[in-house]
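Enquirer: Shown below is the structure under consideration.
The values are calculated or read from the model by the stated rules, or taken from the named source; none is laboratory data. These numbers were taken from a predicted model, which means no experiment stands behind them. Note that we place each Cβ from the backbone using ideal geometry, even for glycine, and neighbour counts take in every protein chain shown.
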Amino acid sequence: MNTISNQLDTENKKVSAYLDEIYRSVVKRDPNEPEFHQAVAVFLQSILPLLEKEPHYMDLGILEQIVEPERVISFRVTWVDDNGKTQVNRGYRVQFNSAIGPFKGGIRFDPSVNLSIVKFLGFEQTFKNSLTGQPIGGAKGGADFDPKGKSDNEIMRFCQSYMTELARYIGPDIDVPAGDLGVGAKEIGYMFGQYKRIRGAYEAGVITGKAPVYGGSLGRTEATGYGTIYFLKEMLRDIGHNISGSSVVVSGSGNVSIYAMEKASQLGAKVVACSDTSGYIYNKNGIVVEVLKRIKQVDKGRVSDYLEFDPDTTFHENCKGIWSVPCDVALPCATQNELDEEDAIELVKNGVIAVAEGANMPCTLKATNVFLENGVTFGPAKATNAGGVAVSQLEMAQNSMRLKWTFEEVDERLQDIMMNIYENCVDATEQFDSATNLIQGANIAGFKKVADAMIAQGVI
């Protein structure tokens, strides 16, 4: 027994040293990309037990390849504002991995967009797409353009300029973009229209998130939020807890947040707090989601406007303070690294039992460690928010077959996909006696499919 133990310790040190070297090489090659470094670090930590068991992934250099994108595209986007002044932004598309299918991932328009963020999103997208079980690779794109405060004509001109450059790198069997933060059906429409003009062909499958009237899938708008709740439902069931009757706190008030709140409410949960950049609202008796949905999506208002409907609700200006609200379930659905170690400690102190990431990497590494160390069931973003890309692929399938499924058909398929993702994560963790660590399960399950496809295709 002592001999076996010593051998295992030696093997563990060998794998750890190898992973440390991979991480150091990533940081050395691109030293100013902290978000990408963070995503790589979490991933490498998670797959250590797999590499101990299956060292051929190291022998074949799969890790060295998988942390480097296949292609990074950066370009200038020039457009003219309503005052006739020429504006310049920087656009990106990172085509990270195409081992299991054409590149697939959203486009983000936000002032914070830079290469580090686009690379971290593309890296995560690779394994997220793998987890869906569908034949799509990983990519991400965007620009440091802020659509807020812009007229529709300004947004249209920017989108047309962005697509004019991007069009040469995408196609239904090459790379299929979609929406993300700052890119909704309007922006998708402008980009698709420009692509169609450039190519002179109606290739509906070149982009997803389209309006249903010209090839979009019903249920796509709701998919990420709904999918997060379907995954959460499975998480809670396995720890003997029901989503019905649970108190829920949700950060953000965009599509992911709104539809996560909507589905949680439909399943009997009580949403007690939500936020936007101005602050957060709290009502211990629950927020009426349909009212909030109208305020945000129709009236284009702020969460504080909800107080006009229910004066018993309180508004607090510091949006980060939302994590001080006692709850059973926390759903960070706003942006990356919004929930830190201090927030996690506060949530644990107040009795949180489950956290599911609706946004991409919204919890810092230290925050996730707090949750795991305190027995909080934790759903990582690449698994919990995969519903959006899953329905995007269903949109691609409908476009290819020239069919349109009903909302109910799409939603049924979404539920099946999210349940399969959860089961695959759990199965992967159980192989390594860590059934409560879904971060590890998601990364191992997602990695194995991509890595095995890379091996099968040879060094390319």
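Enquirer: I'd like the full set of residues that are crowded, with 21+ Cβ neighbours inside 10 Å and over 28 Å from Glu317 (Cα atoms), limited to the range 237-292.
Expert: Ile243 - this is the single residue of the range 237-292 that is crowded, with 21+ Cβ neighbours inside 10 Å and over 28 Å from Glu317 (Cα atoms).
Enquirer: Something else: Does Glu234 satisfy the condition of being farther than 16 Å from Val325 by Cβ, within 24 Å of the chain's Cα centre (by Cα) and assigned by TED's automatic domain parsing to the domain that holds Glu338?
Expert: yes
Enquirer: Another one. Go through (1) buried (at least 21 other Cβ atoms within 10 Å of the Cβ); (2) under 19 Å from the mean Cα position of the chain (by Cα) one by one and return the number of the condition Val410 breaks.
Expert: Result: Val410 fails condition (2) only.
Enquirer: Okay, next question. For the range 161-185, how many residues are assigned to a helix (DSSP H, G or I) and either among the hydrophobic types (A, V, I, L, M, F, W, C) or without any contact (Cβ under 8 Å) to a residue 60 or more places away in the chain (or both)?
Expert: 6
Yes or no, residue by residue, for (1) at pLDDT 95 or above; (2) within 17 Å of Gly252 (Cα to Cα); (3) touching a His at 6+ places or on another chain (Cβ under 8 Å):
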{"site": "Ser304", "(1), (2), (3)": "yes, yes, no"}
{"site": "Pro311", "(1), (2), (3)": "no, no, no"}
{"site": "Asp343", "(1), (2), (3)": "yes, yes, no"}
{"site": "Glu346", "(1), (2), (3)": "yes, no, no"}
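Enquirer: Determine whether the range 287-302 contains at least one residue that is touching a Cys at 6+ places or on another chain (Cβ under 8 Å), among the hydrophobic types (A, V, I, L, M, F, W, C) and in a loop (DSSP other than H, G, I, E, B).
Expert: yes
Enquirer: Yes or no: Arg220 buried (at least 22 other Cβ atoms within 10 Å of the Cβ) and within 30 Å of Ser161 (Cβ to Cβ)?
Expert: Yes; evaluated as a whole, the condition is true for this residue.
Enquirer: Could I ask something else about it? Mind telling me which of the residues Ile188, Ile229 ends up being aliphatic (A, V, I, L, M), assigned by TED's automatic domain parsing to the domain that holds Ile155 and in a helix (DSSP H, G or I)?
Expert: Ile188
Enquirer: Of the residues Gly189, Gly225, which is over 16 Å from Ile107 (Cα atoms) and either at pLDDT 95 or above or more than 23 Å from the chain's Cα centre (by Cα) (or both)?
Expert: Answer to the check: Gly225.
Enquirer: It is to be established whether one or more residues within the range 135-144 are under 18 Å from the mean Cα position of the chain (by Cα), surrounded by fewer than 24 Cβ atoms within 10 Å (Cβ to Cβ) and closer than 18 Å to Ala386 by Cβ.
Expert: Yes.
Enquirer: Do you know which of the residues in the range 125-155 that are of a type in the set (Asp, Glu) and in contact with a strand residue (DSSP E or B) (Cβ under 8 Å, 6 or more places away or on another chain) is nearest to Ala453 (Cα to Cα)?
Expert: Looking at residues that are of a type in the set (Asp, Glu) and in contact with a strand residue (DSSP E or B) (Cβ under 8 Å, 6 or more places away or on another chain), I get Asp144.
Enquirer: In this structure, is Gly254 modelled with pLDDT under 95, closer than 30 Å to Phe109 by Cα and assigned by TED's automatic domain parsing to the domain that holds Pro326?
Expert: Yes: the conditions hold for Gly254.
Enquirer: Working only within the range 338-371, note down all residues that are of a type in the set (Gly, Ala, Ser) and at positive phi.
Expert: Gly351 - this is the single residue of the range 338-371 that is of a type in the set (Gly, Ala, Ser) and at positive phi.
Enquirer: Does Arg93 satisfy the criteria of being surrounded by 14 or more Cβ atoms within 10 Å (Cβ to Cβ) and among the charged types (D, E, K, R)?
Expert: yes
For every residue, the table says whether it meets (1) of a type in the set (Val, Ile, Thr); (2) within 18 Å of Glu124 (Cβ to Cβ); (3) at pLDDT 95 or above; (4) out of contact with any Ser or Thr (no Cβ under 9 Å at 6 or more places or on another chain).
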site: Asn360; (1), (2), (3), (4): no, yes, no, no
site: Val410; (1), (2), (3), (4): yes, no, yes, no
site: Leu414; (1), (2), (3), (4): no, no, yes, yes
site: Asn437; (1), (2), (3), (4): no, yes, no, no
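Enquirer: A further question follows. Do we find that Ala428 is small (Gly, Ala, Ser) and in contact with a helix residue (DSSP H, G or I) (Cβ under 6 Å, 6 or more places away or on another chain) in this structure?
Expert: Taking the combined requirement at face value, the residue satisfies it.
Enquirer: Here's another thing I want to ask about it. If you take the residues in the range 166-194 that are charged (D, E, K, R) and surrounded by fewer than 17 Cβ atoms within 10 Å (Cβ to Cβ), which one is farthest from Gln393 (Cα to Cα)?
Expert: Step by step, filter the range 166-194, then rank; the result is Arg168.
Enquirer: Please determine whether any residue of the range 398-413 is in a loop (DSSP other than H, G, I, E, B) and of a type in the set (Gly, Ala, Ser).
Expert: No, because not a single residue in the range 398-413 is in a loop (DSSP other than H, G, I, E, B) and of a type in the set (Gly, Ala, Ser).
Enquirer: Looking at the range 130-151, I want the residues that are in a loop (DSSP other than H, G, I, E, B) and have a partner that is of a type in the set (Ser, Thr, Tyr) with Cβ atoms under 8 Å, at least 6 apart or on another chain. Which pairs are those?
Expert: Gly137/Ser98; Gly137/Thr126; Asp144/Ser112; Phe145/Tyr162
Enquirer: If we only count helices (runs of 4 or more DSSP H) wholly inside the range 333-397, which ones have 1 or more residues that are without any contact (Cβ under 8 Å) to a residue 60 or more places away in the chain and out of contact with any strand residue (DSSP E or B) (no Cβ under 7 Å at 6 or more places or on another chain)?
Expert: Here the list reads 341-349, 365-373.
Enquirer: Additional query: Given (1) polar (S, T, N, Q); (2) farther than 22 Å from Lys349 by Cβ; (3) in contact with a Phe, Trp or Tyr (Cβ under 8 Å, 6 or more places away or on another chain), where does Thr314 come up short, assuming only one miss?
Expert: Every condition holds for Thr314 apart from (2).
Enquirer: Look at Gly375 and say whether it is surrounded by fewer than 22 Cβ atoms within 10 Å (Cβ to Cβ) and either closer than 18 Å to Cys425 by Cβ or of a type in the set (Gly, Ala, Ser) (or both).
Expert: Considered against the rule, which asks whether it is surrounded by fewer than 22 Cβ atoms within 10 Å (Cβ to Cβ) and either closer than 18 Å to Cys425 by Cβ or of a type in the set (Gly, Ala, Ser) (or both), Gly375 comes out as yes.
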